[in-house]
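Asker: Once you've had a glance at the structure underneath, I'll fire off some questions.
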Amino acid sequence: WRVPYVPHPKNEHVGRIGMHLCTLSKYQLQDATRHQLPLLRESRVRQLFNLRRCVLETPLVNGPTLFNTHLSAFSYGDGTVERQISRLRELVEGKEFLLAGDLNSLTPYEDASTLAKDEAALYPESNTPAAPLYVDPNIVPLWRDASTRRATYKPWTSPAPDRTIDHAFCSPGAAFAGGGVFATDGYLSDHQPVVFEVSF
């Protein structure tokens, strides 16, 4: 999962990088397991120098299992994100869980054509890759419908968030309360913090 060198972007290379995820909790955690997700469909040389996306599985002691993930960006509809989401569904199956992260996919309640042309090109699929997570009867989404959805992603060129690519899901029997986004000043990140409560 450690990448020796990322020669991108052209004007300022990222350099050596590791795909790290971290789960913090006030509740006692058990050992964490990093699961490698499918790589982008590209040459082996490009795969060698690209990010290796993953999901971090961390069970709580006497509680649900937490899944923290960050899926591939810039797949341009090559099927990678669909394969990664399929893997997520396999991992949560049969567990009491909370899954959250940047899926780099819109919710089913959004239309990419409403975005600027270059931004819409990031989401060429006719159906969002995240759709299976929203229709699976064994998965409960935080963003239940268009009225509960909140924009979480703010492009560097935009003064406000304009789409939702950060998602959360839990197992049946658990329930979300609230579900909001904290607006941040400046550009500490292009993602806004998502805040919610979930009870098991």
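The values are calculated or read from the model by the stated rules, or taken from the named source; none is laboratory data. This structure is a prediction, so every number in the text was calculated from the model and none was measured. Quick reminder, even Gly has a Cβ in these numbers, built from the backbone with ideal geometry, and neighbours come from all protein chains shown. Protein only, heavy atoms only, side chains kept; ligands, DNA and RNA dropped before computing areas. Shrake-Rupley method; radii C 1.70, N 1.55, O 1.52, S 1.80 Å.
Asker: Taking DSSP loops as anything outside H, G, I, E and B, show the longest stretch in the chain free of GluC sites (Glu not before Pro) there with at most 16 other beta carbons within 10 Å.
Answerer: The reported range is 97-200.
Asker: When the chain is fully extended, how far beyond the present Cα-Cα distance does D31 get from A116, taking 0.36 nm per residue of separation?
Answerer: Difference between extended and current length: 26.3 nm.
Asker: So, in Å, what gap is there between the alpha-carbon centers of segment 170-200 and segment 12-39?
Answerer: The two parts, judged by their Cα centres, are 19 Å apart.
Asker: How far is it, in nm, from the label point at A174 to the one at R16 when both lie 7 Å from their Cα along the line to the Cβ?
Answerer: In this crude spin-label approximation the distance works out to 3.6 nm.
Asker: K117: which lysines have alpha carbons under 18 Å from its alpha carbon, excluding same-chain residues fewer than 8 sequence positions away?
Answerer: List returned: K154.
Asker: Over the chain, with the other protein chains present, what is the accessible area per residue in square angstrom, probe 1.4 angstrom?
Answerer: Heavy-atom accessible area per residue stands at 56 Å².
Asker: Tell me which residues come under 5 Å, amide H to amide H, from H191 once H is placed; ignore anything under 5 positions away on its chain.
Answerer: Correct list: K154.
Asker: Further question: Please go through segment 98-162 and write out the chymotrypsin sites (Phe, Trp or Tyr not before Pro) that DSSP classes as loop and that have at most 14 other C-beta atoms within 10 Å.
Answerer: Here the sparse-neighbourhood loop sites are W156.
Asker: Using a 1.4 Å probe on the protein heavy atoms, what percent of the accessible area of segment 22-120 belongs to carbon and sulfur?
Answerer: Answer for segment 22-120: carbon and sulfur cover 51 percent of the accessible area.
Asker: Would you calculate, for the chain, the mean residue ellipticity at 222 nm contributed by helices, counting each DSSP H stretch of 4 or more residues as -39,500 (n - 2.57) and dividing by all residues, to the nearest 500? Don't jump to the answer; show the numbers that get you there.
Answerer: Details: 4 runs with 27 residues, N = 200.
Calculated at 222 nm, the ellipticity per residue is -3500 deg cm²/dmol.
Asker: Name the residue, out of D31, D166, D111, whose mean-square fluctuation peaks in a Gaussian network model built on the chain with Cα pairs under 10 Å.
Answerer: Most flexible of the set in this elastic network: D31.
Asker: Excluding A120 itself, what net charge comes from residues whose Cβ is under 12 Å from its Cβ, given Lys and Arg +1 and Asp and Glu -1?
Answerer: Charge balance in the 12 Å sphere: -4.
Asker: Follow-up question, since we're still on this one. Give, as a single signed number, the net charge of other residues whose beta carbon lies under 14 Å from the beta carbon of H35, with Lys and Arg counted +1 and Asp and Glu -1. It would help to have the intermediate numbers written out before the result.
Answerer: On the way: positive: R34, R52, R53, R83, R87, R89, K95; negative: D31, E57, E90, E93.
So the surrounding residues net to +3.
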